[in-house]
Each structure stands twice: as C-alpha cells, then as structure tokens.
Amino acid sequence: MLSVTAIFHSLQLRDPFTIARYTVTQQVTMIVTISDGEVEGYGEATVNPYYNSTVQKMTESIAQVIPIFKDLKENLHPSDLWEQLLQVLPNDFFALCAVDVAYWDYYARKKKRTLRSFWSDSDQTPLSNYTIGIDATSKMKAKILAKPWPLYKIKLGTDQDLAIIEQLRAITDSLFRIDANCAWRLEDVVTLSRKLKQNNVQFIEQPLPADAWEAMRGLKTTSHLPLIADESCQREEDVSRCTEGFHGVNIKLMKCGGITPALRMIEEARSLDLKVMMGCMTESSIGISAIAQLAPLLDYLDADGAMLLKDDVATGINFDDGKIVYANSYGSGATYHAHTYVIE
C-alpha cells in the first residue's frame with residue numbers, strides 16, 4: 001500500500017518578483033510525497049490566484065486521491081494512474097500535477113531509473129534562462145550584473161518597455177526573451193517586435209490576453225519575432241488551437257496536470273510544427289528537477305524558479321551557466337528537506 005502526504009511551505013524569494021499582474025515576496029507551495037515505506041517520490045504545486053490554485057482547494061484534492069493509492073495495482077504505469085486521478089480531480093490540475101509527478105518520481109526510483117530515461121536517452125538539453133522581474137531599471141540592471149547568465153527572460157508590461165530593454169542591453173550582450181504576461185496592446189506589438197529584434201531578443205511570450213485569439217492570428221503573420229503561448233496554452237486541448245496565433249507553446253506541468261499530459265502535449269506540438277518550451281512557477285527544486293527531466297525533448301527551457309528563492313526545501317538539479325547539471329540519482333534527482341518552512 002502506498003501513502004500520500006502533503007505539506008505546505010511558504011518560500012521566501014530573494015527579491016520581490018513583479019510581473020504585469022502582481023508582485024510576490026513569498027511563494028506558498030505544496031509538496032506531495034508518495035511512499036511505500038522504503039522508496040519515496042516527490043511532486044509539487046504552487047498556490048496561484050490566476051489559476052485558482054489555493055491551499056484549501058489542493059488540501060481537499062489530496063484527501064480525495066488518498067483512497068486510490070490504498071488499493072493501487074503494483075507497478076501500475078503512471079500514465080494509466082493519471083486517467084484515474086483525472087476522474088477524481090477534473091477541476092484541480094495543480095494538485096493533479098503534484099500527485100502525477102510524485103508518482104512518476106516514485107515509479108522511476110522504484111525501478112532504479114532516472115525519470116528522463118523513460119522518454120529520452122539524450123542529455124543534450126537547451127539552456128535555461130534566468131528571469132528578471134519588472135522593477136526600477138536600475139534594480140533590473142543590478143540583478144543582471146549580480147547574476148551573469150547567457151540567456152535572460154525579461155518580464156515586461158509597463159509603458160516604458162522598450163526603454164527598459166534598451167537600457168538593459170547597454171550592460172549585457174546575453175540573449176533576451178520577453179514575457180509580457182498578457183499586458184500589451186495589439187496596436188503596439190508589431191512595432192515593439194521590430195525594435196526588440198534589433199536588441200537581440202529571441203522571442204515574445206504571451207503579448208496579449210489569453211483569449212485574444214483573433215488578434216493573435218493577425219500578429220502571427222506580422223510580428224518580427226516568434227510568438228510563444230503561455231496563458232493561452234494550459235491544457236492538452238489548447239495545443240492545436242495555438243497554431244492559429246503562435247509559433248510555439250510554453251507547457252507548464254501545473255497548468256496541464258503533470259508529466260503524463262505534458263508528454264502528449266510535446267508530441268502533439270511537434271506534429272504541428274510548433275516550437276516547444278517548458279516553464280516553471282517559482283517552485284522549489286522538487287518541481288524544477290522534474291521539469292529538467294523533460295528538457296531533452298524541448299527547444300526552450302525556463303527552469304530558474306528555485307534560483308529565485310532565498311531558501312529552498314529541497315536539493316536537486318543545478319545549473320552551470322544555464323546548462324543543466326543532473327543529480328546523480330534516480331527519479332527526478334530531488335531530495336526533500338521536509339522540516340523547513342512548514343506552514344502551521
């Protein structure tokens with residue numbers, strides 16, 4: 001019999017982190033552990049108001065899935081378990097993700113394999129960016145200078161976005177990615193894309209609101225830079241629609257419900273000639289280590305979440321100048337330190 005437990009932690013960030021929608025100074029996250037008494041697997045989901053992910057909702061969801069594990073068939077494949085979990089949690093994909101990832105991790109550790117060995121035999125991975133949140137330009141510059149990195153994601157959504165990029169470009173030659181988090185106006189995007197391209201920007205992530213499909217269809221043919229869907233691509237059913245207005249999709253484990261659907265989304269995106277990115281939610285090394293296991297399948301990677309934290313509740317993968325350094329252990333490679341930062 002497998003046990004399922006969940007602990008919530010409040011993780012302090014190194015610095016206030018601002019995007020177009022809000023500013024956070026701490027991140028509440030749920031760590032799920034699945035155990036047979038000898039082997040443990042770990043998964044994670046964060047509290048996120050935009051996606052209606054709350055402590056109460058996830059607590060109730062975990063209580064609902066516990067009975068499934070009491071009589072679980074031995075060696076049941078994670079993709080088969082996911083279908084059972086979906087029936088119980090059709091409206092909580094964050095909790096579904098935490099459980100799915102924890103079981104994948106347990107399953108791999110039990111079989112003494114790395115997670116990535118189930119879908120790839122390559123350790124060739126894209127570099128991960130390091131994210132610079134919206135702030136006074138002087139502070140954004142200081143963060144770049146304090147963290148030399150080959151690739152930065154710059155959060156935008158102000159009335160001074162182009163000026164910000166031009167000032168940041170003056171202090172670094174590193175490649176930029178831009179994430180507007182739905183905040184731009186349609187009439188500004190084409191001009192901004194042309195000027196951003198001149199400033200060594202690789203692509204623009206989610207320039208318009210998630211439901212602005214008609215506007216995005218026009219932008220796909222007029223933008224001077226590739227457009228990557230984030231808020232517009234949450235679940236499996238969104239991938240095909242994203243071909244209308246985007247050149248690629250940013251798949252996040254918590255949005256789609258875990259590794260099992262993410263693998264299907266990657267396969268579908270490839271079949272539709274979409275670029276594939278995977279992003280994070282400012283989670284601990286448990287979530288980041290799971291994301292990194294999918295990196296051999298990706299074009300782009302945004303897995304810096306744990307680096308933005310003042311303190312972590314786990315250890316796992318690391319980065320060397322943007323390049324993943326995998327832990328020398330089974331499963332995701334994460335080790336959970338459950339005694340720290342527990343919400344009472």
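The values are calculated or read from the model by the stated rules, or taken from the named source; none is laboratory data. All values derive from a computational prediction rather than experimental measurement. FYI the Cβ positions are ideal-geometry reconstructions off the backbone, even for glycines, and counts take in every protein chain you see.
Annotations for the structure displayed:
- Condition met for residue 123 (free of Cβ contacts under 8 Å to residues at least 60 places away in the same chain and in a loop (DSSP other than H, G, I, E, B)): no
- Index of the failed condition, residue 221 passing every other in (1) part of a loop (DSSP other than H, G, I, E, B); (2) over 25 Å from residue 130 (Cβ atoms): (1)
- Leading residue by the ranking (farthest from residue 95 (Cα to Cα)) among those in the range 248-272 that are free of Cβ contacts under 8 Å to residues at least 24 places away in the same chain and out of contact with any strand residue (DSSP E or B) (no Cβ under 8 Å at 6 or more places or on another chain): 271
- Selection of the range 285-296 for residues being surrounded by 24 or more Cβ atoms within 10 Å (Cβ to Cβ) and not small (Gly, Ala, Ser) yields 286, 288, 291, 293.
- Yes/no for residue 98 being within 21 Å of residue 74 (Cα to Cα) and not charged (D, E, K, R): yes
- Looking only at the range 192-224, residues that are among the acidic types (Asp, Glu) and buried (at least 22 other Cβ atoms within 10 Å of the Cβ) come to 1 in all.
- Selection count, the range 177-191, where residues are buried (at least 23 other Cβ atoms within 10 Å of the Cβ) and part of a helix (DSSP H, G or I): 1
- Residue within the range 225-236 that is in a loop (DSSP other than H, G, I, E, B), surrounded by fewer than 24 Cβ atoms within 10 Å (Cβ to Cβ) and more than 16 Å from the chain's Cα centre (by Cα) present: yes
- Residue pairs whose Cβ atoms lie under 6 Å apart, sitting 6 or more positions apart in sequence or on different chains, and linking a residue in the range 9-22 that is assigned by TED's automatic domain parsing to the domain that holds residue 157 to a partner that is surrounded by fewer than 14 Cβ atoms within 10 Å (Cβ to Cβ), do not occur here.
- Of all the numbered requirements in (1) in contact with a strand residue (DSSP E or B) (Cβ under 9 Å, 6 or more places away or on another chain); (2) over 26 Å from residue 80 (Cα atoms); (3) in contact (Cβ under 8 Å) with a residue 12 or more places away in the chain, residue 294 misses one, and that requirement is (2).
- Any hit, the range 155-170, residues being closer than 22 Å to residue 22 by Cβ, polar (S, T, N, Q) and either in the same structural domain as residue 324 (by TED's automatic domain parsing) or touching a residue at least 24 places away in the same chain (Cβ under 8 Å) (or both): yes
- Every residue from the range 8-64 that is among the small types (Gly, Ala, Ser) and over 16 Å from the mean Cα position of the chain (by Cα): 10, 20, 35, 37, 41, 61, 63
- Residue among 55, 101, 65 that is surrounded by fewer than 15 Cβ atoms within 10 Å (Cβ to Cβ) and within 30 Å of residue 12 (Cα to Cα): 55
- Being closer than 28 Å to residue 22 by Cβ and of a type outside the set (Phe, Trp, Tyr) holds for only one residue in 114, 125, 131, and it is 131.
- Count of the range 255-278 residues which are of a type outside the set (A, V, I, L, M, F, W, C) and either touching a helix residue (DSSP H, G or I) at 6+ places or on another chain (Cβ under 8 Å) or on the phi > 0 side of the Ramachandran plot (or both): 8
- Among residues of the range 126-147, those that are touching a strand residue (DSSP E or B) at 6+ places or on another chain (Cβ under 9 Å) and in a loop (DSSP other than H, G, I, E, B), counted: 7
- Residue satisfying all of: in the range 297-323; surrounded by fewer than 23 Cβ atoms within 10 Å (Cβ to Cβ) and in contact with a helix residue (DSSP H, G or I) (Cβ under 6 Å, 6 or more places away or on another chain); nearest to residue 143 (Cα to Cα) among these: 312
- The set of residues from the range 36-60 being over 23 Å from residue 314 (Cα atoms) and in a helix (DSSP H, G or I) comprises 49, 50, 51, 56, 57, 60.
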